[in-house]
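Asker: What follows is a structure written as C-alpha cells; I'll ask about it next.
The values are calculated or read from the model by the stated rules, or taken from the named source; none is laboratory data. Bear in mind that the values here come from a model prediction, so they are computed numbers and not experimental data. Cβ placement follows ideal geometry from the backbone for every residue including glycine, while neighbour counts extend to all protein chains displayed. Keep in mind that these areas ignore ligands, DNA and RNA; they rest on the heavy atoms of the full protein, side chains included. Shrake-Rupley method; radii C 1.70, N 1.55, O 1.52, S 1.80 Å.
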Amino acid sequence: DAADHVGRPALAQGRYPNRSVRVVNAYSPGGTADVVCRIVFGALAERMGQGFAVENRPGAAGTLAAQAVARATGDGYTLLYDATAHSVNPSLFGARLPYDTRRELLPIFLTMVTPNTLMRWPQFEAKTVPELIDLAKRMPGKLDCSSTGIGTVQHVSLELFNMLAGVKINHIVYREIAASRNDLTTGRVPLQFSNVPSTLPLTQGNQAVCLAHCGPRPIEVLPGVPAMAEFLPGFETWEWNGVFAPAGTPREILQQLNAELNAVVRDPAVLAKLTGLGALTRANTLDEFAAFREQQIAFFADMVKKADIRID
C-alpha cells in the first residue's frame, strides 16, 4: 500500500532517528501532559542520541494537534503527545472530527495513567463530599466547577458526579489551565476536577484541598484522601497520556519507539520523577496500547451518551 512506503526512504538513510523529531503536544505548557511529556522525551533524547523537540499546540480539546499530526508524513519524525480527550473526541465530535482517530493516528506507547481528583478552594463551605452533595441539593444550579474544555475527562467527571449524586453543579470552561487554577485558588470558581499530578502542587502549597480522588484504591501521594466511590459507588475516572504517529509510519519505527519508551519509564530517575507526580506507568506493547485506546473510546462514548454531553 502506497501509504506504507511514505517512511521507507528515512530508513534507507541509516539509523532512525538521524535528525531531530518533532513532538506535537496537544496541551498547554505547565499542565500534566506537558510536564510528563518533557520528562519522558528529555530522557528519550538522551537514550537515542537525538533531539525530540516538544511543540505545544493546545486548543479544541486536543484536535488541533491531532489534526496536524494526522496530516504529517508518516516517517517517524512527527509524533503526537495526547491524553484522555483523544478517546473522548470520536463520540464528542462525531462526523465533525477532522481526522479518523483509529485510522490516521497509530498508538505507540501509553506513557502514564492517573486517577482524577476533585479539589476545592480552602475556604469553601463544604469540607467533604457528603457536605458538597448536601450543599448542591440545597442550591441547585448555584455552584460552579471548572475544567479546561467540553468533553475533557474533567468535564465527564463532573457530569458523572451530577448524575450519580442527583445534583446540578455548573460546568465553567477555561481555555488555559493557569487561569482555571488561579480562579480555584482565589475562590472565584471554588471546585475543580483535575488529576493527581496537577493536584499535588496546589495541596502541598495549601492553595487547594483535595476532597476525593477517583481511583479504586488509596493514593500514596495523597494520604488520607478518600475515594469518590466511597460516597458514590462505581465512580472511577482516569487521565492517561500516550504517544501516537501518523498513518504510514513503518511498524519497525513504531516498535523501536515503543521499546525505547518502555526502557525510559523503567529508568530509576524517570520512574522516581513520575511516581512523585502520581503518574502511574506500566510496560505496554503497540497492541496493548491499541486495545487500551479501544476500551477508552467505548467507555467515553457510553459516558457522553448517558450524560448527554454536547459541544454546540
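Asker: Only one of these conditions is not met by residue 181: (1) in contact with a Ser or Thr (Cβ under 9 Å, 6 or more places away or on another chain); (2) buried (at least 18 other Cβ atoms within 10 Å of the Cβ); (3) modelled with pLDDT of 95 or more; (4) closer than 23 Å to residue 274 by Cα. Which number is it?
Answerer: Only one criterion in (1) in contact with a Ser or Thr (Cβ under 9 Å, 6 or more places away or on another chain); (2) buried (at least 18 other Cβ atoms within 10 Å of the Cβ); (3) modelled with pLDDT of 95 or more; (4) closer than 23 Å to residue 274 by Cα is unmet by residue 181, namely (3).
Asker: Filter the range 263-272 for residues that are among the charged types (D, E, K, R) and assigned to a helix (DSSP H, G or I) and give the result.
Answerer: 266
Asker: Quick check on residue 158: is it under 17 Å from the mean Cα position of the chain (by Cα), touching a residue at least 12 places away in the same chain (Cβ under 8 Å) and surrounded by 19 or more Cβ atoms within 10 Å (Cβ to Cβ)?
Answerer: yes
Asker: Return the only residue of 96, 38 being under 17 Å from the mean Cα position of the chain (by Cα), surrounded by fewer than 19 Cβ atoms within 10 Å (Cβ to Cβ) and not acidic (Asp, Glu).
Answerer: Matching residue, one of 96, 38: 38.
Asker: Something else about it: Out of 239, 252, 220, 230, report the one residue that is among the charged types (D, E, K, R) and within 25 Å of residue 62 (Cα to Cα).
Answerer: 239
Asker: On to the next question. Inside the range 163-212, can you point out the residues that are within 19 Å of residue 134 (Cα to Cα) and under 20 Å from the mean Cα position of the chain (by Cα)?
Answerer: The answer is 171, 191, 192, 193, 210, 212.
Asker: Could you list all residues from the range 273-298 that are closer than 20 Å to residue 256 by Cβ, not polar (S, T, N, Q) and not in a helix (DSSP H, G or I)?
Answerer: 282, 283
Asker: Contact list please: Cβ distance under 6 Å, first residue in the range 57-77 and open to solvent by less than 20 Å² (accessible area, probe 1.4 Å), second residue of a type in the set (Val, Ile, Thr) and not in a loop (DSSP other than H, G, I, E, B), pairs at least six apart or on different chains.
Answerer: Listed pairs, sorted by first residue: 65/24; 69/24; 69/78; 76/253; 77/21.
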